[in-house]
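Trainee: Provided herewith is a single structure, encoded as C-alpha cells, for subsequent inquiry.
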Amino acid sequence: MVYASPQGLQMFGERWDRIVAERGAQAAVYLADGRATTFQQLDAEVRAMKPAGDYVLAQGDVPQIMRQLLSGFLHGVPVQMVEKDRARRAPTRPPPAGTALIKQAVGGSGVRRCQFFTFDQIAADVDRLHEALDLGSHGTGVAAISCAHSFGLTMTVLQTLFNGVPTCFAPQPFAQPLMEAMKHHERVYLPGVPALWKAWLMGDVRFDNISLAISAGSPLTLDLERMALEHHGLKIHNLYGTSECGAVSWDETLDLREDARDLGTLLPGVQAQTDAEGRLVVTSSSVGLGYDEQLQEENYGSGVFTTSDLIEPHGNRLRFERCTGAGINVAGRKLSPIEIAEKIMRASKLENVKIYGARSRDPERCQDIVADIGLPQAEIDPAFKITACSLLAPWEVPRKWIGRP
C-alpha cells in the first residue's frame, strides 16, 4: 500500500484538528436547500471510513468528494480525482513517494494522464489563493463547477479542508439551481468559467450577495467583463493557472482591464519566465511531482513546469498569446483529440479520423471540435453522425465535419 509522507500526513492532520477544534459546530458543507454538515459531523463520519486498497477514489458530487478526500488525507492514502462521467485511469507507474493527490487531466498537451502531488504542494496552491484573494473574508465558496477539475477543487473543497472555509454545493450550474443554492447565504464567492458567467449574466441570476467573482479555464473577454461591471456592478477577476502547477496569476484590479490578453499579476511565491519558444515556464512550490507518462521534451517536476501557453511577460503582469498544445478547450473543459478520434473510429468502424480544435465564433466557448473524416462529404449525413457520435459525451461531439470532395 502506498502512503503519503509521514510529515505531510502530520501537517494535514494538525491543520484539520485545529479547524475542527475552532469551528466544529459550524457548517463545513451546505446543500442547495440550506441543510449543512458541520466540521464535527464530517470529522466523525470520515474517521470511521477506513480506506481499503492503495488509493481512494474521489468521484461524484461535492459532499462525496469532500468525504473521500478527507478520508484519504487523514489515513495517509493517495486520493485520485475522477470526473463523474469518466472511468479511472490507473497510473502507468506507481505514485512517487509522498503522493497525496492524483489528478486525472488532459491539460494543454491534449493527452489524458495522471499528475502526482504531495501534501505540501497541494497546501501551497490552496494557501496561495486563500491569502492573495482573501478568501477567508468572502463568506461561503459556491461549488457550481466541477470539483474534479483543479480550479473548482482548489477554490472550494480544498479551501474547506485546509482553511475551514465552508463550501455550498450547487447541484446544477444553471441559473435557478444556482440561485437556490446561494440564497441561504449572506455572502458568497463564486468561481466560474467564461461560458457559465455569460449564461449567469444573461439569465435571471441575482448577484447581490456575491462578494468575489472569479473566472478561469479559458480567456475572459472584455465584453463579458464589461457586461458584468456595467449591468450588474460586478467585477469578474480573471485567474490563470494549470492543473500541473496550480494558480499562477490573477487580475486583482477593480476596474475593467484594457487588454483581453491581460492575465493579471503573478501570485506571491510564483516565478515565471519564457523559454526560447515563448512558452511560459512556472517555478513555484505548488508544481506537482510529474506525470505517470512523460512525453519527450516535457519539463515537469522539481518545482518547475513548462506550459503549452505562449505568454508575454509585462513586468509582474502576464499577457496570453495562444496555446500551442493539442488539447481542445471547449468552454473551459480540456478535451483530448486522441480520445475523441478513438471513440469515433470505434463507433463508425473508420480508420482515418483526425480531431482538432478551431476558434469558436462564440468567444466564451473558446474552441469548437472539428472532425476530419476520410469519407466523401456527401456520406457525412445525419445518420452517419448519430452513429459516429454514439460513444461520445455531449461536450465531445464535433461541431464541424470535414470530408473529401
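The values are calculated or read from the model by the stated rules, or taken from the named source; none is laboratory data. Since the model is a prediction, treat every value here as computed from it, not as a measurement. Neighbour counts run over all protein chains shown; Cβ positions are idealised from the backbone, glycine included.
Trainee: Which ranges mark the strands (runs of 3 or more DSSP E) fully within region 293-405 that have 3 or more residues being out of contact with any His (no Cβ under 6 Å at 6 or more places or on another chain) and under 30 Å from Arg93 (Cα atoms)?
Mentor: Fully inside region 293-405 and qualifying: 304-314, 328-330, 333-335, 353-359.
Trainee: So which of Glu230, Glu225, Glu258 is surrounded by 22 or more Cβ atoms within 10 Å (Cβ to Cβ), more than 30 Å from Ile102 (Cβ to Cβ) and either over 20 Å from the mean Cα position of the chain (by Cα) or without any contact (Cβ under 8 Å) to a residue 12 or more places away in the chain (or both)?
Mentor: Working: Glu230 fails: surrounded by 22 or more Cβ atoms within 10 Å (Cβ to Cβ); Glu258 fails: surrounded by 22 or more Cβ atoms within 10 Å (Cβ to Cβ).
Checking each option against the conditions leaves just Glu225.
Trainee: Between Leu295, Leu310, Leu392, Leu350, which is assigned by TED's automatic domain parsing to the domain that holds Ala272, of a type in the set (A, V, I, L, M, F, W, C) and more than 20 Å from Ala247 (Cβ to Cβ)?
Mentor: On inspection, the qualifying residue turns out to be Leu295.
Trainee: Residue check, Gln115 against (1) surrounded by 22 or more Cβ atoms within 10 Å (Cβ to Cβ); (2) assigned to a helix (DSSP H, G or I), all met but one. Which one?
Mentor: (2)
Trainee: Further question on the same structure: Right, Lys103: of a type in the set (Lys, Arg) and in a loop (DSSP other than H, G, I, E, B) or not?
Mentor: On the way: of a type in the set (Lys, Arg): yes; in a loop (DSSP other than H, G, I, E, B): no.
It is false that Lys103 is of a type in the set (Lys, Arg) and in a loop (DSSP other than H, G, I, E, B).
Trainee: Restrict the check to region 164-180 and report whether at least one residue is aromatic (Phe, Trp, Tyr), in contact with a helix residue (DSSP H, G or I) (Cβ under 8 Å, 6 or more places away or on another chain) and in contact (Cβ under 8 Å) with a residue 12 or more places away in the chain.
Mentor: Applying the first criterion (aromatic (Phe, Trp, Tyr)) to region 164-180 yields 169, 174.
Adding the requirement that they be in contact with a helix residue (DSSP H, G or I) (Cβ under 8 Å, 6 or more places away or on another chain) leaves 169, 174.
Subset that is in contact (Cβ under 8 Å) with a residue 12 or more places away in the chain: 169, 174.
Yes, the conditions are met somewhere in region 164-180.
Trainee: Pick from Leu74, Leu42: which is aliphatic (A, V, I, L, M), part of a helix (DSSP H, G or I), touching a strand residue (DSSP E or B) at 6+ places or on another chain (Cβ under 9 Å) and touching a residue at least 12 places away in the same chain (Cβ under 8 Å)?
Mentor: Leu42
Trainee: If you don't mind, there's one more thing I want to ask. Looking only at region 158-172, decide whether some residue is modelled with pLDDT under 95 and either buried (at least 24 other Cβ atoms within 10 Å of the Cβ) or of a type outside the set (Gly, Ala, Ser) (or both).
Mentor: Scanning region 158-172, I find at least one residue that is modelled with pLDDT under 95 and either buried (at least 24 other Cβ atoms within 10 Å of the Cβ) or of a type outside the set (Gly, Ala, Ser) (or both), so the answer is yes.
Trainee: Would you confirm whether any residue within region 122-129 is assigned by TED's automatic domain parsing to the domain that holds Ile214 and on the phi > 0 side of the Ramachandran plot?
Mentor: No: region 122-129 contains no residue that is assigned by TED's automatic domain parsing to the domain that holds Ile214 and on the phi > 0 side of the Ramachandran plot.
Trainee: Could you list, in sequence order, the residues of region 139-173 that are part of a loop (DSSP other than H, G, I, E, B) and more than 18 Å from the chain's Cα centre (by Cα)?
Mentor: Gly139, Gly164, Val165, Pro166 - these are the residues of region 139-173 that are part of a loop (DSSP other than H, G, I, E, B) and more than 18 Å from the chain's Cα centre (by Cα).
Trainee: Next question. Return yes or no: is Leu129 crowded, with 20+ Cβ neighbours inside 10 Å and within 30 Å of Gly290 (Cβ to Cβ)?
Mentor: Yes.
Trainee: Just give me the residues in region 322-365 being under 30 Å from Leu222 (Cα atoms), charged (D, E, K, R) and surrounded by fewer than 16 Cβ atoms within 10 Å (Cβ to Cβ), in sequence order.
Mentor: Listed by number, the residues that qualify are Arg322, Arg359, Arg361, Asp362.
Trainee: Could you please let me know if Gln121 is of a type in the set (S, T, N, Q) and closer than 25 Å to Asp251 by Cβ?
Mentor: yes
Trainee: Pick out, from region 178-261, the strands (runs of 3 or more DSSP E) lying fully within it that include 1 or more residues that are of a type in the set (Phe, Trp, Tyr).
Mentor: In region 178-261, 188-192, 236-242, 246-250 are the strands (runs of 3 or more DSSP E) which contain 1 or more residues that are of a type in the set (Phe, Trp, Tyr).
Trainee: Please work out which residue is nearest to Ala143 (Cα to Cα), limiting yourself to region 45-69 and to residues that are part of a loop (DSSP other than H, G, I, E, B) and not small (Gly, Ala, Ser).
Mentor: Selected residue: Asp61.
Trainee: Filter region 113-130 for residues that are within 17 Å of Thr167 (Cα to Cα) and either of a type in the set (Asp, Glu) or at pLDDT below 95 (or both) and give the result.
Mentor: Once the filter is applied, which keeps residues that are within 17 Å of Thr167 (Cα to Cα) and either of a type in the set (Asp, Glu) or at pLDDT below 95 (or both), region 113-130 yields only Asp127.
Trainee: Give the residue that is farthest from Thr154 (Cα to Cα), with candidates limited to residues of region 272-297 that are in contact (Cβ under 8 Å) with a residue 12 or more places away in the chain and charged (D, E, K, R).
Mentor: For region 272-297, the residue satisfying everything is Glu277.
Trainee: If Gly269 passes every condition in (1) touching a residue at least 60 places away in the same chain (Cβ under 8 Å); (2) surrounded by 19 or more Cβ atoms within 10 Å (Cβ to Cβ); (3) among the small types (Gly, Ala, Ser) but one, which one does it miss?
Mentor: It fails just one condition, (2).
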